[in-house]
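Every read-out reported here was derived from the displayed coordinates using simple, explicitly stated rules and does not represent laboratory data. Keep in mind it's a predicted model, so treat the numbers as computed, not measured. Ideal geometry is used to build each Cβ from the backbone, glycine not excepted, and the neighbour counts take in all protein chains shown.
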Amino acid sequence: MLIFLLSENKINYCEMEESFLDTTSDIQATMENMGLDQTLLKAAMKMKFMYPTLVQSKLFDLAQERKHIIIKSKARSGKSSGALFVLVNNLIQKILENEDDSHFSIVLCPNKAVCNSTESILGNILHFAKEEYNISCVNLVKVSYSVFENELFLEGHKRLIVIGTPVQFQKMLFTLPSQDIFNNHVQSLFLDELNFLFSFGYEEDLKNILLNYTEKNEEMTILFSLSSEDERVKALKSLIMKNSATIKFDDKAAKEEEKAKIQTLFNEFYFISDDLGKYIALYILFKLKLIAGRTMIICNDIDQMYKVNAFLERSQIKVSKVYNPEWPLKVRQYYLSIFNSGIVNIIVSTKDILEVEKKKPNTKGGIKPCDNIIVMELSNVAEEYGRLTYYLAARNNVPCIIDFLSPDDENKEILFSLLEQRKQAGNKHAVQELPIKPDQMESFKYRCSDVYRGITKKQINLMKAVDFKKLIIKSKNLEEYFEEHEKEKELIVKDVEKMTKKIVKHAVKMEDSVPAYLLGEEEQKRVLEEGPQYVKILKHKPNPNFQEEFNKRLATQDLTEEEVKTSKKRKMDKEQYITINQKLEDPSVTDASRLIPLSGKKLWKIRHKKPLKKVNRRLAKKGIFNP
């Protein structure tokens, strides 16, 4: 296989999920359809590649039909990692066809940095295949050429991937005892960043190398990946490629395609009410499972932000966190990271959170698209409203934007203009009224009003003070100061504890479950279906011979009947159960092959093919076993 890669941009290696992703299918399904080897599938899961990029999904599809492929793409599109997966998979297929023969692959890079980076990516891809198929990798940047002078080298490395620049590779060929033996068993050739190879003056070296494989080009899978095609590329194409298919990929076109997907995959709702009604609507939305997934709530100011977060916590609604724009940059980036990763389902902030993407687009400090956006006051984001769809993404459900409006003239004017815009757009995205019935609002009014009124201005100020003092304690700039003034740090810690106790003492909380008498038949059914299904599994059965053993123990030991019954060592004469969440651990949903052990000892045993003695009995009862 021959792979050419071109890029006009700066070399920048990143994970697949940082590029334009094809979220219509995950990486596992895509690779399984391609027939990729299981060792590479496990490697992709270990590397946390959840979705293929648009380039990779097209590349994997075409790799099944064509041997000669041309990809026109810029940097950061996932072409390098995708091409390496195809390269290693083809090498494994050749090994399976003929296990006794030698099999070699070549990766040519423009410089030392790219060689080392490619070696690192290959090391992760070969994590499981290395031992299974005895494939080794040699980086010519780090290895002396004297090792290739030994005649036994090629026999000792019958399955080898060689990485280096064109000049280094030619030097290696000259040191080999027999170049023909090596060239006849080369299965693939990978040219990484072809435009850099040309700019570094490797054009003649590439032609000399390719001439060695013109006779066996039909047996090889050839892949060109480039950003712009010129005469030099056409010359190499005519030299070795016979029947090629072209994949065209443009960053601008991908962005427009993503925007088009977003525009066709979201709903818009509005809800007009007073301040208390907005909080009741929040409770109904989350508790009755009307929305699901990662949700961003945009508030008017910092005080309302703390009030909304406190209301969610005291209403026992999922996990929510506050994103305060006044916090230090690293703290804000941390809270964004746990929201992006899904550790926190709800993030509450002001509209300042929307400025993150303006300052740092496509960086670790940015916001990944979420499932839902709730705006507490429509007039507050009137100027930024058109950009809200940028922060939405369709995952497991259709995302939505929910606008809360106060019954004043300003909000009504904005709503009427929004309705008119959607109407002129052919009613494609009609803004609908939020489907919350008046009787539902009345049913939950008593419960929510107690919590709402319990969040006073004094408590909000205490919450802000607690967060501020926690930042002081954890500040790295004050570490040396607190080392010299430990008593001051202790006073701040005690102050935080006192204020936290005050907040908890005066907090009004609800129960986690919603009473059945407040729900209609449809709501009850939805909450039961979508809520966690807890199932009891029998762990210990009563001993049928318990009484006989009990009498024997009384006879042989100098103990009273009461002492035996209260003994910690005695067997329990009753059934013991464990409770599991059937929704999370349903054997029809859980893939047993993807259960990864966390213990270092277990990983060592698996790597060295040692048997695992201990079995997870709770999973085994449901037919799920550790790998």
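Taking just the C-alpha trace of the range 438-507, give me its Rg and Dmax in Å.
Taking only Cα atoms of the range 438-507, I get Rg and Dmax of 18.0, 61 Å.
Which cross-chain or sequence-distant (5 or more) residues have an amide H under 5 Å from the amide H of E377, H modelled 1.01 Å from N in plane?
F404
Name the residues whose placed amide hydrogens come within less than 5 Å of the amide hydrogen of H103, ignoring near sequence neighbours (fewer than 5 apart) on the same chain.
Residues meeting the criterion, in which the H sits 1.01 Å from N, are R159, L160.
Mind listing the long-range amide H neighbours of C370? Cut-off is under 5 Å, sequence gap 5 or more, other chains count too, H placed in the peptide plane at 1.01 Å from N.
When sequence neighbours closer than 5 places are left aside, the close amide H contacts are L392, A393.
Along the Cα→Cβ direction, 7 angstrom out, place labels at E480 and K242. What is the inter-label distance in nm?
Distance between the two pseudo-spin positions: 7.1 nm.
Could you give the nm distance between label points at N124 and Y385, where each point is 7 Å from its Cα heading toward the beta carbon?
Each label point is offset 7 Å from its Cα along the Cβ direction, giving 4.2 nm.
Which entries in K72/K171; K42/K351; K112/K234; K474/K505; K74/K242; K46/K368 show an alpha-carbon gap greater than 29 Å? Provide the component values of the computation, followed by the final result.
Details: K72/K171 31 Å; K42/K351 41 Å; K112/K234 27 Å; K474/K505 25 Å; K74/K242 24 Å; K46/K368 22 Å.
Going by Cα-Cα distance, K72/K171; K42/K351 fall outside the 29 Å limit.
Give me the number: length gained by fully extending V331 to E488, i.e. 0.36 nm times residue separation minus the C-alpha to C-alpha distance, one decimal in nm.
Working: separation 157, 0.36 × 157 = 56.52 nm, distance 2.28 nm.
That pair, V331 and E488, stretches by 54.2 nm at full extension.
Given axes a ≥ b ≥ c from the Cα gyration tensor, I'd like to know whether the range 38-121 is rounded (a/c under 1.5), prolate (a/b larger than b/c) or oblate.
The shape class here is rounded.
Suppose each label sits 7 Å from its Cα in the direction of the beta carbon; what would the I473-H608 distance come out to in nanometres?
Going by the 7 Å Cα→Cβ label model, 4.4 nm.
Only Lys, Arg, Asp and Glu count, each charged at its Cβ (+1, +1, -1, -1), so figure out the dipole size of the range 270-421 about its Cα centre, rounded to 20 debye.
On the way: 19 positive and 19 negative charges, 240 e Å.
So the magnitude is around 1160 debye.
Could the peptides 58-65, 187-194 be put in order, highest first, of the mean number of other beta-carbon atoms found within 10 Å of their residues? Mind showing how you got there, number by number?
Numbers: 58-65: 17.6, 187-194: 25.4.
Top of the packing list down: 187-194, 58-65.
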